[in-house]
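The values are calculated or read from the model by the stated rules, or taken from the named source; none is laboratory data. Model, not experiment: these values are computed from the prediction. Heads up, the Cβs are rebuilt from the backbone with ideal geometry, glycines too, and the neighbour counts pull from every protein chain shown.
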Amino acid sequence: MDKIIVVIAALGLIGLVLWWFFGKHEASSMVAEQQDNMQLANITVEGGYNPQVITLQRGIPATLTFTRKDPSSCLEEVIMPDFGVQETLPVNAPHEITIQPDKTGEFSYSCGMRMFFGKVIVE
């Protein structure tokens, strides 16, 4: 009987791991707010990026405000190669990054270790 319980628990854990790493997870997203010919978006950095997907309008400058709550070294840096950004994020303080979304498309960004990802969609 104990062996059956162990096998069932092991299969359940294997299923959970497979779902976590290979399952389709819905990414949080938002459309940037527009104020005075500027687009604004707030991103919380805590175990990843929230929201993960930011939608911007082409041709309007955008300020992305990253607030890092996670003190881990992985999330201390944000890299946005398509916008020429590589900046260090302070813990528990907002950090503004201004970009110029001149081209339409999807542009990914990541932490310094390339373990956590986000995306900017320019329409």
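Structure above, values below:
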read-out: Number of the exception - residue 43 against (1) in a strand (DSSP E or B); (2) surrounded by 13 or more Cβ atoms within 10 Å (Cβ to Cβ); (3) in contact with a strand residue (DSSP E or B) (Cβ under 7 Å, 6 or more places away or on another chain); (4) without any contact (Cβ under 8 Å) to a residue 40 or more places away in the chain; value: (4)
read-out: Options 119, 69: the member that is among the basic types (Lys, Arg) and in contact (Cβ under 8 Å) with a residue 40 or more places away in the chain; value: 119
read-out: Residue within region 48-58 that is touching a residue at least 12 places away in the same chain (Cβ under 8 Å), outside any loop (DSSP other than H, G, I, E, B) and over 24 Å from residue 123 (Cα atoms) present; value: no
read-out: So residue 78, is it within 24 Å of residue 123 (Cα to Cα), touching a Cys at 6+ places or on another chain (Cβ under 7 Å) and modelled with pLDDT of 95 or more; value: yes
read-out: Cβ-Cβ under 8 Å pairs, at least 6 apart or on other chains, region 86-112 side without any contact (Cβ under 8 Å) to a residue 60 or more places away in the chain, far side among the acidic types (Asp, Glu) and loosely packed, with under 12 Cβ neighbours inside 10 Å; value: 104/123
read-out: Any pair with Cβ under 9 angstrom, 6 or more apart, that starts in region 11-31 at a residue that is at pLDDT below 70 and ends at one that is in a loop (DSSP other than H, G, I, E, B) and not acidic (Asp, Glu); value: 27/51; 27/52
read-out: Test: residue in region 84-105 that is modelled with pLDDT under 95 and among the hydrophobic types (A, V, I, L, M, F, W, C); value: no
